[in-house]
1. So which residues in region A:216-238 are closer than 23 Å to residue A:153 by Cβ and either modelled with pLDDT under 80 or within 14 Å of chain B (Cβ to nearest Cβ) (or both), if there are any at all?
2. Would it be correct to say that residue A:131 is away from chain B (no Cβ under 14 Å), under 27 Å from residue A:167 (Cα atoms) and assigned to a loop (DSSP other than H, G, I, E, B)?
3. Here is a list of conditions, (1) in a loop (DSSP other than H, G, I, E, B); (2) within 14 Å of chain B (Cβ to nearest Cβ); (3) surrounded by fewer than 18 Cβ atoms within 10 Å (Cβ to Cβ), and residue A:158 meets all of them except one; can you say which number that is?
4. Starting from residues that are under 30 Å from residue B:135 (Cβ atoms) and either in contact with a Ser or Thr (Cβ under 6 Å, 6 or more places away or on another chain) or not in a loop (DSSP other than H, G, I, E, B) (or both), keep the ones in region B:242-268 and report whichever is farthest from the other protein chains (Cβ to nearest Cβ).
5. So if I check each of B:139, B:159, which one is closer than 30 Å to residue A:8 by Cα, in contact with a strand residue (DSSP E or B) (Cβ under 8 Å, 6 or more places away or on another chain) and surrounded by 15 or more Cβ atoms within 10 Å (Cβ to Cβ)?
6. Among what's in region A:80-93 and is of a type outside the set (Val, Ile, Thr) and at pLDDT 95 or above, pick the residue that is farthest from residue A:220 (Cα to Cα).
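The values are calculated or read from the model by the stated rules, or taken from the named source; none is laboratory data. Worth saying up front: this structure is predicted, and the values here are computed from it rather than measured. Because the Cβ atoms are built from the backbone with ideal geometry, glycine has one as well, and the counts that use them run over all protein chains shown.
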Amino acid sequence: MGVNSTDNLFIKVDQAITVNNCTTTTCSTCTCSITPSNPSAGLLYNSIKINNFPFAALTTDLSYSITVLLGIKNPISSGYVLSLATTDAQNYTKEISTASFPNIVESTISQEIFSLAKSIDIVYSNTNFTLTLNFLNYSLINGWMIIEFDPNIVLLDPSNPYCLSNGNNNCITSTSNGYIRLNITVSQSITVYIVNINNLRNPNSTKFFNFKVKLTNIDGLVYYTLTSPSYLASKPYQLTPTVNSSSCLNSQSNIVTINFPFLPFTPSQAVIVDDSSASAFNG
Amino acid sequence: MSIKITPFTWDQTKMTLNLNFLTHWTRNLLNVTSNQVLSSMSYCVPTCTIQTMGSFFSVTLNNLALQGTQLQFYIYNIISPATLETADSVSVSIIETTYNSNVQAGALSVASKYPNNLQILTVSTTNKVGEQVSLDLTLTTQDLFSASDTITITLSTTLSMASQINITNPLVTTFTSQVQQNYKITLSGFTLVTSIPSQFSGIIGIHNISSQLSVKPVTGNAISFFRNGALYDQSTFSFQVVPATMSNITLALASQNANAATNLTVTV
């Protein structure tokens, strides 16, 4: 750019990008100031002004390069453009340009913010979940938190769900393709969310499961994603079979009939553990 | 008795005569003749009789309503002189009706006060800050243009002007140009494709004007058309270059994570 000491360099940054501080790293005389956006006054961008360049006014401006370091908070999506302009002391434009803000990716946040408490820890049993999400070290935006359950967890009465967020009804429960999905209202001023959802059924095995969490702005743009730690229903489903024997005499041939109760789910395989002191005669 | 005629100027459509009489005058007729051109809308206040006399017209006022020793009347909607020349004239005579004699007469030259504005004048340039400037003045004169006319373009004295002028106008085939004192351009010696009087309508291009440091509008420019040294069409104009384009801008983002606090490095 071509500037002299009375000129200004302006960098306009969309209001979606918070600008906290500004320094010029390659110009010792330069100063940098920030005018924050003010939507109520129609100012939809943050304006960064750099001036006091180290050249006196000449008939032809000297070409000059400067590096500006901005402390910012990223937007939640890509596609933003910075506008740059140099002006003279009377604010008449000299040079302009635009530059694309680098692409933004969804932030994956630490699973340590997530915890689960189950009222019942037995496979395939009715239970209630309490999910706790603590965003103390993160910056939230007004919008939504979407929690998607493992498909092996079933909502027993979808037509009458029970879901509270911090004791309020700011929780919408839905099921789609067998997944339970919660839509919870998020406020940027609240950092801890305790979600109670009742009338669930644990998975039909002790296989691990987890939760997928997304945070979006009010328009549904995702900015944080999280996969919870893995959990399981640690206690197996209790089988209480009945056993009938054709003979009760020692060392006699015997036909043992084991009657299992009806299983409410189909196991992928079954293992019968025999008494180690018994022996089978026919397979 | 004598008549004192106060010189006046044409102010678009209204002519005012101030006649100062040294003695009180009661019965009289006032004749005013002018070599101007009447329009169909011409009339006087107070009421007069207007007669077309060929190349001039005559105005007669009866029973003058004198106020003290002064008479003032207006003639409206006369076509004003084509240029600011003072060749046009008005003559006034007072006739004493009793003896039907021309007792006193006076004459004065008249001139238009303002030139006509050019009907169309647009100024365009696409040059950027730091580049030499080329201007296209697209214009149409209100009055007829003649090969003997002179066009003067005066640019702001803040400019350091250079030399190349061209005209894009089917009417003009050749002309001469002169640049004086780096801000004044004179165009003359026109060769026209036709002798039929017509308006000047086309583009005058001015090139190699000194570059500008910003888009601040450059004011204080004018283009004037002269005939026989007298101004007849004129317009002022300003122009403004467009911003230059910065190059070699780089942005570096320390973290691309959404909604994360980070540093953005901008190098310009």
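1. Within region A:216-238, A:216, A:222, A:224, A:225, A:226 qualify.
2. Here the answer is no, as residue A:131 does not meet what is asked.
3. (2) is the only condition that residue A:158 fails.
4. Taking the candidates together, the pick is B:242.
5. Going through B:139, B:159 in turn, the sole match is B:159.
6. The qualifying residue farthest from residue A:220 (Cα to Cα) is A:92.
Residue-wise test of (1) within 30 Å of residue A:259 (Cβ to Cβ); (2) loosely packed, with under 12 Cβ neighbours inside 10 Å; (3) within 23 Å of the chain's Cα centre (by Cα).
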residue: A:192; (1), (2), (3): no, yes, yes
residue: A:207; (1), (2), (3): yes, no, no
residue: A:219; (1), (2), (3): no, yes, yes
residue: A:225; (1), (2), (3): no, no, yes
residue: A:234; (1), (2), (3): yes, yes, no
residue: A:240; (1), (2), (3): yes, yes, no
residue: A:244; (1), (2), (3): yes, yes, no
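Every residue, every condition in (1) of a type outside the set (Val, Ile, Thr); (2) under 16 Å from residue B:225 (Cα atoms); (3) part of a loop (DSSP other than H, G, I, E, B), yes or no:
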residue	(1), (2), (3)
B:148	yes, yes, yes
B:166	yes, no, no
B:176	no, yes, no
B:186	no, yes, no
